[in-house]
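Inspection log for the structure reproduced underneath, given as structure tokens.
Any read-out appearing in this document is the output of simple, stated calculations on the displayed coordinates, not a laboratory observation. All values derive from a computational prediction rather than experimental measurement. Note that we place each Cβ from the backbone using ideal geometry, even for glycine, and neighbour counts take in every protein chain shown.
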Amino acid sequence: MQNTYRGSDAYENKRSLITVAKFTAIIPLIFFAIGTVLYVFYQQNPNLLPKGFNSAEILPYFVATQVPAGLSGLIIAAIFAASQSSISSSLNSISACFTTDIKQRLLKPDCSNDDLVTARWVIVIAGMLGVTGAGYLLIANESQVWDAFFSLLGLVGGPVTGLFVLGIFSRRANALSALFGVICAIVALLVARYMSELNFFYYSAIGTLTVVIVGHVLGYLSIPADQQRKVAGNTIFTQ
């Protein structure tokens, strides 16, 4: 998103998004390959792993116990650098979204002098919440961090993806129908999470499809003809 906003024109933004998509497809494969190698290593050498070990800590444990001293320090420094970059980007995005979408539009639309102060406080609060969540996972000895991450990603990312799909492809949807679609998606995801045995990999599909179907159908039933033409002019079908 930061690279997209920084682009000087649509062509540069398009190239940036294509590059991000390529790396998004490659990087998870690298991470899964590392995890597979570590799994095979400790399956062949089970005596090297303490009994009852938290599997979420297996990579730093391997680096600390099996990698030579100089190289292990370099790997740890690289992990910290990558983590710092990811955390700072997320905090900046949260701060920008809150300041522009909530404060400037809803809370104090006519007062922009304290935007910087608000943004800084949002970063502090979001950072504290993130540290608290990480501390909880550490204290609870949570071994399924990866599963928890994908569950949360599906619960949040599914409806957001549905909104983008509506905005790009639907000629019928409007703001109200999209809002109802998100509400229905949240209900459907809560049912799938707490009242069914569905795997968390289904959450994204459920959220996306619910928003698209509900938003499109309600938009078709409620949107006036003149407004429908305005919406249709902003979709991919106008290209």
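At Asp115 and Val187, where each label point lies 7 Å from the Cα along Cα→Cβ, what is the point-to-point distance in nanometres? Distance between the two pseudo-spin positions: 3.7 nm. Looking at segment 1-103, the trypsin sites (Lys or Arg not before Pro) that sit in a DSSP loop and have at most 16 other Cβ atoms within 10 Å of their own Cβ are Lys51.
For segment 95-105, backbone phi angles converted through the Karplus equation (6.51, -1.76, 1.60; θ = phi - 60°) give residue-by-residue couplings of 5, 5, 5, 5, 5, 7, 8, 10, 5, 5, 9 Hz, Gly and Pro being listed as x.
Residue order for Thr208, Thr24, fewest other beta carbons within 10 angstrom first, comes to Thr24, Thr208. Between Val217 and Ile168, the contour length at 0.36 nm per residue exceeds the alpha carbon distance by 16.1 nm.
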